[in-house]
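These notes concern the structure reproduced below.
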Amino acid sequence: MTLNIKNLTILIVSFKSEKVIHNCIQSINNKIDIIVIDNSNDINFKKLLEEKYHNVKCILSSQNIGMGSANNLGIKNIDKDYAFIINPDVIFKTNTINELIYSSKSLDNFAILAPLSDNENYPNYLLDKNKETKINFDLPFEVKSVDGYAMLLNLKKLKKLEGFKFFDENIFLYMENDDMCEELKKRNEKIYIVPSSKVHHLGGKGVDSKFSNEIELSRNWHWMWSKFYFNKKHYGYFIAVKKTLGNFISAISKITYYFITLNNYKRKIYQMRLSGLFNSMLGRKSSFRPKFYN
């Protein structure tokens with residue numbers, strides 16, 4: 001079956017997202033099924049969503065299992081051929097879905113389609129540096145990877161790929177989308193940006209702002225853990241060291257600087273980066289979890 005609103009499920013992973021997710025859901029055609037995987041394990045949040053929106057099903061993950069694992073849980077609960085994975089701080093334009101559906105008809109057996117970010121300063125894709133790509137923004141174009149906050153998966157196709165497991169559950173946060181795209185490109189699968197389909201991404205607003213300090217510490221830890229893990233997995237240990245050496249030097253210098261200037265919070269951020277990097281280098285699991293107090 002071809003892509004259409006009846007054969008599509010929207011998948012949203014939430015975590016302390018009650019302040020932002022309603023704008024996201026309300027921007028989506030209410031004829032499309034939505035599954036929310038809530039890593040907060042908030043029963044009241046689940047009841048609110050399911051009572052307010054007839055097309056929303058909320059699944060509690062029992063604990064904070066991270067983005068990749070939660071997306072995999074959602075995919076297991078989807079009985080449609082296509083899953084549109086989005087973050088709770090994404091807002092659809094009026095034509096976001098329709099343009100994806102229209103463009104899908106002319107694309108050859110795609111693995112992933114993604115809309116284009118409406119912020120030109122922060123493109124939501126990477127091009128293959130080994131290929132000369134001339135972009136015509138009037139037409140879909142092939143890319144190396146797309147950002148995980150808005151990516152439509154061709155489940156019917158991907159489930160048939162031998163040994164393909166969607167998101168790597170070793171990755172708690174960051175680069176889980178890059179990892180999956182890398183796996184697909186190794187299999188010569190097609191990933192496209194559809195420029196006529198646009199979304200607005202608030203960026204880093206998926207979690208209630210009252211938890212911003214703890215979330216920032218967590219982001220810095222996991223960014224460095226995931227960066228090293230991703231490069232080690234795909235390119236080898238020494239390449240991973242090479243690609244993170246600048247981050248290591250920067251973290252040491254910033255820790256020293258903020259220690260001297262008595263900026264404890266900034267110092268702690270770079271300590272988190274260093275800790276995440278060291279844990280990944282030592283082959284330890286992505287174990288850091290933010291602490292929240294209501």
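The values are calculated or read from the model by the stated rules, or taken from the named source; none is laboratory data. Every value quoted in this text rests on a predicted model; they were computed, and no experiment measured them. Neighbour counts are summed over all protein chains in view; Cβ atoms, including those assigned to glycine, are modelled from backbone coordinates with ideal geometry.
Counting only residues that are of a type in the set (A, V, I, L, M) and assigned to a loop (DSSP other than H, G, I, E, B), which one in region 246-294 is farthest from residue 63 (Cα to Cα)?
Taking region 246-294 first, the residues of a type in the set (A, V, I, L, M) are 249, 251-252, 255, 260, 262, 269, 272, 274, 277, 281-282.
If we keep only those that are assigned to a loop (DSSP other than H, G, I, E, B) too, we end up with 262, 282.
Details: 262: 36, 282: 25 Å.
Within region 246-294, the match that is farthest from residue 63 (Cα to Cα) is 262.
Before we move on, is residue 253 in contact with a Phe, Trp or Tyr (Cβ under 9 Å, 6 or more places away or on another chain), surrounded by fewer than 19 Cβ atoms within 10 Å (Cβ to Cβ) and more than 27 Å from residue 65 (Cα to Cα)?
yes
Would you mind finding the one in 279, 263, 231 that is buried (at least 19 other Cβ atoms within 10 Å of the Cβ) and free of Cβ contacts under 8 Å to residues at least 24 places away in the same chain?
On inspection, the qualifying residue turns out to be 231.
Quick one: what pairs do we get from region 161-176, first residue of a type outside the set (Lys, Arg), second outside any helix (DSSP H, G or I), C-beta under 6 Å, 6+ apart or different chains?
Taking only residues 6 or more apart or on different chains, the pairs are 172/286; 176/167.
Go through region 94-120 and report how many residues are touching a strand residue (DSSP E or B) at 6+ places or on another chain (Cβ under 9 Å), under 18 Å from residue 33 (Cα atoms) and surrounded by fewer than 17 Cβ atoms within 10 Å (Cβ to Cβ).
Matching residues across region 94-120 total 2.
Taking residue 6 and the conditions (1) under 19 Å from residue 201 (Cβ atoms); (2) over 17 Å from the mean Cα position of the chain (by Cα), which numbered condition does it fall short on, given that it satisfies the others?
Residue 6 satisfies every listed condition except (1).
Residues checked against (1) assigned by TED's automatic domain parsing to the domain that holds residue 141; (2) buried (at least 19 other Cβ atoms within 10 Å of the Cβ); (3) modelled with pLDDT of 95 or more:
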{"site": "154", "(1), (2), (3)": "yes, yes, yes"}
{"site": "163", "(1), (2), (3)": "yes, no, no"}
{"site": "169", "(1), (2), (3)": "yes, no, yes"}
{"site": "177", "(1), (2), (3)": "yes, yes, yes"}
{"site": "181", "(1), (2), (3)": "yes, yes, yes"}
{"site": "192", "(1), (2), (3)": "yes, yes, yes"}
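Going through region 57-86 one residue at a time, which ones are of a type outside the set (A, V, I, L, M), assigned to a loop (DSSP other than H, G, I, E, B) and under 22 Å from residue 47 (Cβ atoms)? Even if it seems obvious, please write down each step before you answer.
First, pick out the residues of region 57-86 that are of a type outside the set (A, V, I, L, M): 57-58, 61-64, 66, 68-69, 71-72, 74, 76-77, 79-82, 84.
Then keep just the ones that are assigned to a loop (DSSP other than H, G, I, E, B); that gives 61-64, 77, 79-81.
Those that are of a type outside the set (A, V, I, L, M), assigned to a loop (DSSP other than H, G, I, E, B) and under 22 Å from residue 47 (Cβ atoms): 61, 62, 63, 64, 77.
Does any residue of region 232-249 turn out to be over 26 Å from residue 145 (Cα atoms) and at pLDDT 95 or above?
Yes, the conditions are met somewhere in region 232-249.
Among the candidates 21, 10, 25, single out the residue that is in contact with a Pro (Cβ under 9 Å, 6 or more places away or on another chain), on the phi < 0 side of the Ramachandran plot and in contact (Cβ under 8 Å) with a residue 60 or more places away in the chain.
21
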